[in-house]
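These notes concern the structure reproduced below.
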Amino acid sequence: NVIAESLVDSLKNISVTFVLDSMEKLLIDERDATEDFINSLISQTTSVQLLLTSQIDLAILDSRKKVIKIEALTLEESELLFMELLEDEKIDIQKDERNWLFEFCNGHPLSVKLTTSLIKFYKSAKLTIEYLSSGSTPQNPLRNKMDKGTSLDVCLSTIYNCLTKEQVEILQYVKFFPGGLKYKWAEGHFEQLSFAENVALLQQFFFVQTL
């Protein structure tokens with residue numbers, strides 16, 4: 001609390017945007033602290049913006065806000081994205097496998113992208129489905145009904161299990177540089193880990209992006 005108050009105090013006249021992704025996860029274990037921090041930012045600063053993403057209704061946050069509801073992809077849009085991402089791949093995918101994948105992704109764009117990455121990685125839709133269907137869907141106490149909206153969690157955990165120790169090490173390292181990291185400088189810290197090769201695979205899974 002002392003740290004949070006000090007942070008809020010230092011931001012009173014600074015223009016900055018805080019992005020809190022998957023807000024519902026913060027509210028599971030840290031609801032009181034999260035609400036207090038947000039209320040302090042809103043009431044005690046003048047130029048701070050908050051961008052929150054959530055799969056649940058945030059009406060519980062008693063503050064003035066603008067809500068933008070992003071609809072899921074339609075089945076047709078999911079199919080187009082799926083076909084575009086696998087356009088150059090010579091992988092046989094049966095109709096029932098496509099149907100399973102579209103139902104699993106439930107219109108979530110990143111889930112569609114991640115499932116296609118798994119298909120490319122395993123060179124098989126059947127094997128991808130086996131791994132995804134064996135994953136346990138995380139239980140979220142803030143949701144009354146569990147559905148395929150949690151497909152992203154299953155995709156990410158499945159992919160994370162595909163990574164080598166070296167790739168996990170690189171991923172843990174780059175996460176401390178959300179504003180960007182110079183490729184050559186980072187490469188110098190991983191001279192014995194085939195940095196370029198490992199980053200290429202992390203890119204394939206949309207875990208990192210290079211410019």
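The values are calculated or read from the model by the stated rules, or taken from the named source; none is laboratory data. These numbers come from a predicted model, not from an experiment. A quick note on method: Cβ atoms are made from the backbone with ideal geometry, for glycine too, and the neighbour counts reach across all protein chains shown. All accessible areas refer to the heavy atoms of the entire protein, side chains included, with ligands and DNA or RNA removed. Shrake-Rupley method; radii C 1.70, N 1.55, O 1.52, S 1.80 Å.
For K120, a cut-off of 14 angstrom between C-alpha atoms picks up these aspartates and glutamates, skipping any fewer than 8 places away in its own chain: E84, E87, D88, E89, D92. How much FRET efficiency would the formula 1/(1 + (r/R0)^6) give for E77 and V16, where r is the Cβ-Cβ distance and R0 is 35 Å, rounded to 0.05? Given R0 = 35 Å and the Cβ-Cβ separation, E is 0.55.
For the residue pairs K25/K175; K12/K69; K25/K65, the alpha carbons lie more than 23 Å apart in K12/K69.
Computed over protein heavy atoms with a 1.4 angstrom probe, the accessible surface ordering of E71, E79, largest first, is E71, E79. The candidates V19, V199, V67, arranged from most to least accessible area with a 1.4 Å probe in the full protein assembly, appear as V67, V19, V199. Remark: relative contact order (the range 1-89) = 35 percent; criterion is Cα-Cα distance under 8 angstrom and separation of 6 or more residues.
Computed from the C-beta positions of D32 and K65, the FRET efficiency with R₀ = 25 Å rounds to 0.85. Shape verdict for the chain, please, from the Cα gyration tensor: rounded (a/c under 1.5), prolate (a/b greater than b/c) or oblate. Oblate. K126 sits with roughly 130 Å² accessible to a 1.4 Å probe, with DNA, RNA and ligands left out of the calculation.
Rounded, prolate or oblate: pick one for the range 1-98, where a ≥ b ≥ c are the square roots of the eigenvalues of its C-alpha gyration tensor, a/c under 1.5 means rounded, and failing that, prolate if a/b is larger than b/c, else oblate. Because a/c hits 1.5 or more and a/b exceeds b/c, the range 1-98 counts as prolate. Working note: Debye formula, equal point scatterers on the alpha-carbon atoms of the range 32-73, no solvent; log10 I(q)/I(0) at q = 0.16, 0.21, 0.34 Å⁻¹ is -0.48, -0.77, -1.48.
Sort T115, T46 from largest to smallest accessible area, using a 1.4 Å probe on the heavy atoms of the protein chains.
The residues order as T46, T115, largest area first.
Using heavy atoms of the protein chains and a probe of 1.4 Å, the accessible area assigned to S15 is about 100 Å².
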